[in-house]
Amino acid sequence: MVKSLLTNRRYLKRGVGDWFLHRSHALLGALVMSHLIYRYTCFFAVLWLSFNPQDTSLGVHHDMGFDGDAARVLSWQQQDKNFWVCWQPMVLLLFPHLLLQISGFGFRIPPKRHPEGNRIWGEYRWHALAFFTRCGSLLSLAWYNKTHPDKEDERQRFIHTQIVAAGIFFANMMVVDAMTRNFAKKPKSYFTKTTNEEEPEQVVGTIRGLKGSNGFKYLLSATQFHANLHCLCTQDQLSVQWAALTVVQSSAFGMTLRRKSLITHGLGLVLYASVLALGMVVIGYDWYRRGLLYTSLAVGNLAAIMRMDGGCNKYILWLVIAGVVVPQMEQQHQRLQQDGERNTPLVVFVASTIIMGMSAIYRHHEQQQKQEDKQHAATTKQS
């Protein structure tokens with residue numbers, strides 16, 4: 001049983017330290033979830049009242065309220081330009097989230113993943129820390145750009161930011177793969193990876209290892225490609241990486257609720273899908289603000305198709321996207337606008353979405369067919 005703020009004291013058998021760890025972790029969780037809700041409230045307030053990104057009537061709430069935080073920092077810097085004045089808000093905002101992530105390592109959890117897949121296990125905890133680090137690094141990069149608007153010209157800043165963002169992205173990818181290889185070397189008693197019952201010889205990841213429809217999980221996985229693409233295009237907006245941070249920490253919260261049997265497995269999937277959908281709304285709004293909505297959605301869809309349907313190596317895929325596609329996205333958009341070919345990205349987006357929908361349906365029906373064949377074979381064997 002997972003201990004939390006609501007856990008009866010008689011279950012905490014390791015003394016004061018155990019009691020303090022569980023209570024402080026739960027209080028940190030409540031603080032973090034409240035902060036995440038506040039940021040989304042700022043985002044949807046602006047989205048509801050002023051969809052036009054040029055409207056300044058709610059300027060302090062733009063970018064999930066980070067515009068207001070940055071405006072205060074810029075005013076402080078006019079009086080004092082030391083390092084702490086610039087980074088104090090970001091450090092204070094991220095510190096409770098970091099403490100929550102680290103304090104989770106004090107809990108004893110099953111090293112092996114549950115067959116449902118919707119509960120915390122050893123390897124996931126390390127992966128979550130790695131993705132938290134990526135989110136924090138990209139948030140810091142965007143914060144620097146937001147609070148240092150006059151350091152260099154626009155084009156030069158775009159190139160420098162893209163290089164740093166790509167470095168963070170690929171470093172995170174390599175670290176996560178190293179973690180996966182390290183856990184794969186563990187003895188079977190500690191082995192944390194699960195195999196999907198429909199793919200018994202294939203080691204699967206966090207989403208694909210969930211118990212559920214393969215078509216549904218395919219669509220959930222596709223959202224990660226759009227998040228990854230935006231990582232490579234980080235500029236001065238913190239909202240998208242804050243949405244990614246929300247996915248990382250709220251998914252762990254949902255897994256905890258499932259392990260305590262406070263929610264069903266199906267409801268856990270719905271909650272996880274809802275958080276991903278909210279993240280896609282944030283991503284879509286930022287692309288819309290930058291005039292790259294359909295172009296970016298088309299690129300994200302094509303990347304998902306090439307990786308999940310075509311089996312393309314992920315390092316080659318993202319190297320091409322980071323080195324070739326991303327630098328050309330904005331230039332291509334401007335050229336299409338000048339030539340009057342505004343519908344080209346939309347057509348590619350719609351076509352790729354249809355392909356992904358068909359792939360999801362195929363995977364779902366294939367899974368159902370295998371289950372029916374398995375049941376028929378079992379019935380035949382019994383008779």
Selection from the stretch 282-292 of residues of a type outside the set (Lys, Arg), over 19 Å from the mean Cα position of the chain (by Cα) and part of a helix (DSSP H, G or I) yields Tyr288
Name the pairs: first residue in the stretch 143-159 and over 27 Å from Trp84 (Cβ atoms), second residue at pLDDT 80 or above and not polar (S, T, N, Q), Cβ to Cβ under 9 Å, at least 6 apart or on different chains?
-> Phe158/Pro327; Ile159/Pro327
Out of the stretch 40-85, which residues are open to solvent by less than 60 Å² (accessible area, probe 1.4 Å), at pLDDT below 65 and in a loop (DSSP other than H, G, I, E, B)?
-> Ser50, Pro53, Asp55, Leu58
Scan of the stretch 255-286 for residues that are aromatic (Phe, Trp, Tyr) and without any contact (Cβ under 8 Å) to a residue 24 or more places away in the chain, ordered by number | none
Looking across the stretch 105-126 at residues that are crowded, with 20+ Cβ neighbours inside 10 Å and in contact with a helix residue (DSSP H, G or I) (Cβ under 7 Å, 6 or more places away or on another chain), the single one that is farthest from Met255 (Cα to Cα) is Glu123
Which numbered condition Ile305 fails, given (1) surrounded by 15 or more Cβ atoms within 10 Å (Cβ to Cβ); (2) modelled with pLDDT under 95 = (2)
Ser296 being among the polar types (S, T, N, Q) and touching a Leu at 6+ places or on another chain (Cβ under 8 Å) = yes
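The values are calculated or read from the model by the stated rules, or taken from the named source; none is laboratory data. In this text, all values refer to a predicted model and were calculated from it rather than measured experimentally. Using ideal geometry, Cβ is built from the backbone for each residue, glycine included, and neighbour counts are taken over all protein chains shown. Please note that ligands, DNA and RNA were not included when accessible areas were found on the heavy atoms of the full protein model with its side chains. Shrake-Rupley method; radii C 1.70, N 1.55, O 1.52, S 1.80 Å.
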